[in-house]
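Below you'll find the structure, written out as structure tokens, and then a few comments.
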Amino acid sequence: MTSADLERPLREFFQNSRIALALARADGDNELALVNTRFTSLTGYAEEDVVGRNCRLLQESAKGIRADNAVAKDSIHEFLRPDGPATVRTPIVNFRKDGAPFVNLLFMSKLKSASGKVSYIFASQFDVSRTHAEMLNAYDQQLSRTLKGLQPLLEGHDVMVNGTLSTIANSTAVIAQAKLTLAELETNAPY
Ligand SMILES: Cc1cc2nc3c(=O)[nH]c(=O)nc-3n(C[C@H](O)[C@H](O)[C@H](O)COP(=O)(O)O)c2cc1C
């Protein structure tokens, strides 16, 4: 079984999705293997800009400016540890290819084999700084459906989705904080 056998059906599934999705191989530097059109329209990066690269490129603006993402990065690092949690969900400041900042509500989940080996990392991105509570709730429902829809595609490839989506209970507060972060970014720095 090659990784292409798994990535082919996933590509179609990704393209049919209404939310931004990305898939990285768990080995090496977690280079991206697949992104969908929602990801490219959200970030402004074309597939060929990002496939084969680590998604941390979104954390730097075209002018080389980085936001302080210390808390978010700590949670991501904890998630990436072999004994870390199955999923992570955190807001993180990212920049579109054109330099425009946004607060990305990043969700990641480990795809594991029955023996417990992590083979892929699945992720979804959502601009939580330009939204409202109903849109975030609708996104959460889509993401939940996506995770359920992913499982049948992975069966037969000895890969399972690990963990479930913890929905945002206080979506209004998360959105308000993201809008505040974005306003600060927009007033303080030319990107
Ligand atoms: C599949 C996948 C998707 C990711 N998507 C994003 C993203 O959209 N934005 C982001 O800032 N980081 C994203 N990350 C996290 C970074 O790629 C990286 O893991 C993180 O910055 C921690 O590693 P570092 O400290 O070596 O950069 C993603 C990671 C993976 C594996």
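Coordinate-derived values only; no laboratory data. From a predicted model like this one, the values you see are computed outputs, not experimental measurements. Note that each Cβ is placed from the backbone with ideal geometry, even for glycine, and that neighbours are counted across all protein chains shown.
Rounding to the nearest 20 debye, state how big the charge dipole of segment 48-191 is about its Cα centre with +1 on each Lys and Arg Cβ and -1 on each Asp and Glu Cβ.
180
Please compute the modelled spin-label separation between Glu186 and Ala133, points set 7 Å along Cα→Cβ, answer in nm with one decimal.
2.2
Taking a ≥ b ≥ c as the square roots of the Cα gyration tensor eigenvalues, with a/c under 1.5 meaning rounded and otherwise prolate when a/b beats b/c, else oblate, which class fits the chain?
prolate
Beta carbons within 10 angstrom, averaged per residue: use that to sort the peptides 78-87, 35-44, highest first.
Numbers: 78-87: 13.1, 35-44: 19.4.
Final packing ranking: 35-44, 78-87.
If you take the charge dipole of the chain about its Cα centre, with +1 on Lys and Arg Cβ and -1 on Asp and Glu Cβ, which of Leu136, Ala72, Pro82 is farthest toward its positive end?
The residue sitting farthest along the positive end of the dipole is Leu136.
Provide the FRET efficiency to the nearest 0.05 for the Asp74-Asp5 pair, computing r from the beta carbons and using R0 = 30 Å.
Once rounded, the FRET efficiency stands at 0.25.
Counting each DSSP H run of 4 or more residues in the chain as -39500 (n - 2.57), what helix-only mean residue ellipticity at 222 nm follows after dividing by all residues, to the nearest 500 deg cm²/dmol?
Numbers: 6 runs with 75 residues, N = 191.
Value at 222 nm, helices only: -12500 deg cm²/dmol.
Within the chain, count lysine pairs with alpha carbon atoms under 24 angstrom apart where the residues are 8 or more positions apart or belong to different chains.
12
Within a Cβ distance under 12 Å of Val161, other residues only, what is the Lys/Arg minus Asp/Glu net charge?
With Lys, Arg at +1 and Asp, Glu at -1, the net is +2.
Applying 1/(1 + (r/R0)^6) with R0 = 35 Å to the Cβ-Cβ distance of Gln177 and Gln151, what FRET efficiency is obtained, to the nearest 0.05?
0.60
If you take every DSSP beta bridge fully contained in the chain, what fraction is antiparallel? Give it as a percent rounded to 5.
Roughly 95 percent of the DSSP beta bridges within the chain come out antiparallel.
Cβ neighbours within 10 Å, averaged per peptide: list 89-99, 114-124 in order, most packed at the top.
89-99, 114-124
If I model a spin label as a point 7 Å beyond the Cα along the Cα-Cβ vector, how far apart are those points for Thr167 and Gln141 in nm?
0.9
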